[in-house]
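Where a number appears in this text, it was derived from the coordinates with a stated rule and is not lab data. The structure displayed is predicted, hence computed values, not measured ones. Every residue, glycine among them, receives a Cβ derived from its backbone with ideal geometry; neighbour counts consider all protein chains shown.
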Amino acid sequence: MNTVLTLMLVAPLLSAALAFAVRRHDQLRDALTLAGLGTAAGASGVMFATVAADGPFVLRVGGWHPELGIVLVADRFAALVLPVALAIIFVVELFAIGQRKTAWGSNPELSGPMMGVLTAGVSLAMLTGDLFTLFVAFELILVSSYVLLTHQGQAAQLRAGMTYVVMNLLASTLFLFGLAYVYAATGTVNLALLTERIPELPDGVRLGIGAWFFVVFGTKAAVFPLFSWLPDSYPTAPTTITAVFAGLLTKIGIYAMIRFHTLMGMDQLGNTMLIIAGVTMIVGALGALAQSHVKRILSFHIISQIGYMLMGLGLFTAAGTAGAILFLVHHMPVKTVLFLVGGLIENDQGTGRLDRTGGLARRRPLIAALFAVPALSLAGLPPFSGFVAKFAVISAGIEARATPWVVLALVAGALTLLSMTKIWLGVFWGADPDRVSVRRPPGNRPMMLAATGIAVAGTLTISALAGPLFDLSVDAAEDLRDPEIYRTAVLR
Amino acid sequence: MIATRSPIVRLAIQTATPIAIVLGTYLLFAGHNRPGGGFAAGLVFGAVVVLRTIAGLQRPRHADTLIAVGVVIAVAVAALPVLWGDPFLDMKIVETTVPLLGKIKTGSALPFDIGVMAIVVGLIVALLDGLSLPTVDDTGTEAGAA
């Protein structure tokens, strides 16, 4: 297990360095990148199996006691979410290699190695047992994401990248201040020790810490009203990079929020979270309806869906937290797949604008099928995973008598379906566009289709295994809601 | 270039270079128990590189190699203890007596610091390379190329 946790951090970093050194040799670089990402994904699978069998595992980095050093904690929450995240990155990298030679592809010399750095950051963010390492992990993710977003140097990307960098730097600065605040109040940044010391603080200080970190993680997660950077920046990047960002980055914010606010028992923030969750859901869904570009519609949906996870968290009940975790697990692959399909559409039609596409269902039924499954799932129709996830969150809401939020969630679900219909009408039905300006060369289409197919198969697996996954989410939520379990595991 | 026009700047930077390198090396070795370390050493070496670039004197190239080698060294040293069952980032301390210098105490933190130093210097070189690229206007042609 020691080796497994280490591999998840070391393999992607090492492969990134080696791939960067040989970045002009296409095949060698791709092989190294895939090997690093694959090793990390494989290791996370082993971690899942081991944690499921033996319970949480804690790695004391360098052998230092948690009061002094860094700990990596593979609890049931991390063991459930991390494998999904790493598998997604691996599949997207496959797609990226297929897309490489097209006008839409990212520049592989930088994007391959940077994806490795991003992966190491994602692993660290999910495994870390203290707030300062979480900050470092966020920075690792952000710095590589700055490069990934702007590395092609197009005017639109630089303009959007500016907003993205400024917003995230602001959030990082607030994070750092928050760390100082927590350290001043409690004398530690270790999560296990904080679960002991934060409840002893006066109510006002506790509320302050909770609210401060809600703003920090909320900016990363793009909740209302801190989301403005997202729909501008994401659509400008190459498809594969948007797919990873959409699937993972905002979700890391939500992940951190679920972990921190649930472990610290910040129940008094519950109502604020619910209100913001409701507005986020509706604003995101309405924003999506107003767009007329595939990637922009999908970007607004990220925001809307974040609202559901926040609602599950804001309920502060076992069922609510479990619902939020299940939603997280469902949402990451589905969102990624939708962006990959968006990339396939652009590749085929020369654009993602709804008024310049059409008739794709006739000409490319496979792409239509690959879109339909995750789109219906996102909208929350049975039997797909989105239905199970939304059902979990909404039934938790009914149980907690949070009726207004349940209604809002249902309305947002209907609006989501409406905008998915909009994409379907614009892209897949209707007359062929007057002229298709496909930019050559078209890239390795079978490989891109295969990668998207694998990802769709993944989302279907999640739908099929929804029952066991829900049980796992309940377990993970129980671990988070009882800080005693976390504390014993870490401090022992 | 300033170096060709001002002998004062050239001589000052040429004199400062070996002193800064000694200081950087000291920081690299002191870092284990006292203020210093790979990052601080890298910054001192980086400052030398920046000064020499401004003056137009010779400076290291190959930012990519420095960064890649640095990451590989640092990550490998961090991960190696796992092979014999110790935790990630565990540190081995070696103590020996050598003639002239007497008792020497060092550890696996030293190669780790050297890796960090290489990354920092590499990033500074990369930054300088980036800043010295020809400027490009909106249409993608070099400015001033008419």
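General remarks:
- Couplings for region A:222-233, taken from phi via the Karplus curve 6.51 cos²θ - 1.76 cosθ + 1.60 with θ = phi - 60°, read 6, 8, 4, x, 9, 9, 4, 6, 6, x, 7, 8 Hz in order; Gly and Pro are left as x.
- Estimated FRET transfer efficiency when R0 is 45 angstrom, pair residue A:107-residue A:398 (beta carbons, to 0.05): 0.40
- Inter-chain neighbour count for B:95-104: the average number of beta-carbon atoms from partner chains within 10 Å of each residue's beta-carbon is 0.
- Contour minus Cα-Cα distance for residue A:318 and residue A:196 (0.36 nm per residue): 41.9 nm
- Selected from B:18, B:87, B:99 as most flexible by GNM, with chain B as the system and alpha-carbon contacts under 10 Å: B:99
- Length gained on full extension, residue A:286 to residue A:67, computed as 0.36 nm times the residue gap minus the Cα-Cα distance: 74.1 nm.
- Residue B:92/residue A:484 FRET efficiency (R0 41 Å; Cβ-Cβ; nearest 0.05): 0.70
- Per residue of the protein assembly as shown, the DSSP helices (runs of n ≥ 4 H) give a summed -39500 (n - 2.57) that works out to -24000 deg cm²/dmol at 222 nm.
- Exposed loop sites, defined as trypsin sites (Lys or Arg not before Pro) outside DSSP H, G, I, E and B with at most 14 other Cβ atoms within 10 Å, are absent from the longest region of chain B, namely B:1-60.
- Inter-part distance, region B:35-59 to region A:400-429, computed on C-alpha centroids, equals 56 Å.
- The length gained on full extension between residue A:31 and residue A:163, counted as 0.36 nm times the residue separation minus their Cα-Cα distance, comes to 44.1 nm.
- Within region B:2-131: Cβ-based charge dipole about Cα centre, in debye rounded to nearest 20 (Lys, Arg +1; Asp, Glu -1): 540
- Comparing B:41, B:109, B:55 in a Gaussian network model of chain B where C-alpha atoms under 10 Å apart are linked, the largest mean-square fluctuation is found at B:55.
- Cα shape, chain B, gyration tensor, a/c 1.5 rule: oblate
- Nearby lysines by direct alpha-carbon distance to residue A:251 (threshold 27 angstrom, same-chain neighbours under 8 apart not counted): A:220, A:295, A:335, A:390, A:422
- For residue A:130, the amide hydrogen comes within under 5 Å of the amide hydrogens of A:71, A:191, counting only partners 5 or more places away or on other chains and with H modelled in the peptide plane.
- Distance from the C-alpha centroid of region A:59-138 to that of region A:234-259: 12 Å, rounded to the whole angstrom.
- Spin-label model, residue A:381/residue A:52: points 7 Å from Cα along the beta carbon direction are separated by 3.0 nm.
- Of all lysines in the structure, the ones whose alpha carbon falls short of 30 Å from that of residue B:92, not counting any fewer than 8 places away in one chain, are B:103, B:105.
- Karplus-based coupling profile of region B:88-102, in residue order and whole Hz: 3, 6, 5, 10, 9, 10, 10, 10, 9, 10, 10, x, 6, 8, x, with θ = phi - 60° in 6.51 cos²θ - 1.76 cosθ + 1.60 and x standing for Gly or Pro.
- Exposed loop sites were defined as chymotrypsin sites (Phe, Trp or Tyr not before Pro) in DSSP loop states (anything but H, G, I, E or B) carrying at most 15 other C-beta atoms within 10 Å; in chain A the longest segment without such a site runs A:65-428.
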